[in-house]
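Take a look at the structure set out below.
The values are calculated or read from the model by the stated rules, or taken from the named source; none is laboratory data. All of these numbers come straight from a predicted model, not from anything done at the bench. Glycine also receives a Cβ, built like all others from the backbone with ideal geometry; neighbour counts cover every protein chain displayed.
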Amino acid sequence: MSRRRQATKRPLAEDPKFHSQLVTRLVNTVMRGGKKNTAERIV
């Protein structure tokens, strides 16, 4: 049994180009090693 309370989920920011949270999820899935700019160019 854990002693700490459950972490709260932070809201997902929208993609600046497409204004979609789904695109942000896709970029975060494609991203490796914190290279978000590269992942955004791939998508």
### Query
Within the bounds of segment 17-28, is there any residue that is in contact with a helix residue (DSSP H, G or I) (Cβ under 7 Å, 6 or more places away or on another chain), at pLDDT 90 or above, aliphatic (A, V, I, L, M) and not in a loop (DSSP other than H, G, I, E, B)?
yes
### Task
Report whether or not Leu12 is touching a Ser or Thr at 6+ places or on another chain (Cβ under 7 Å) and at negative phi.
yes
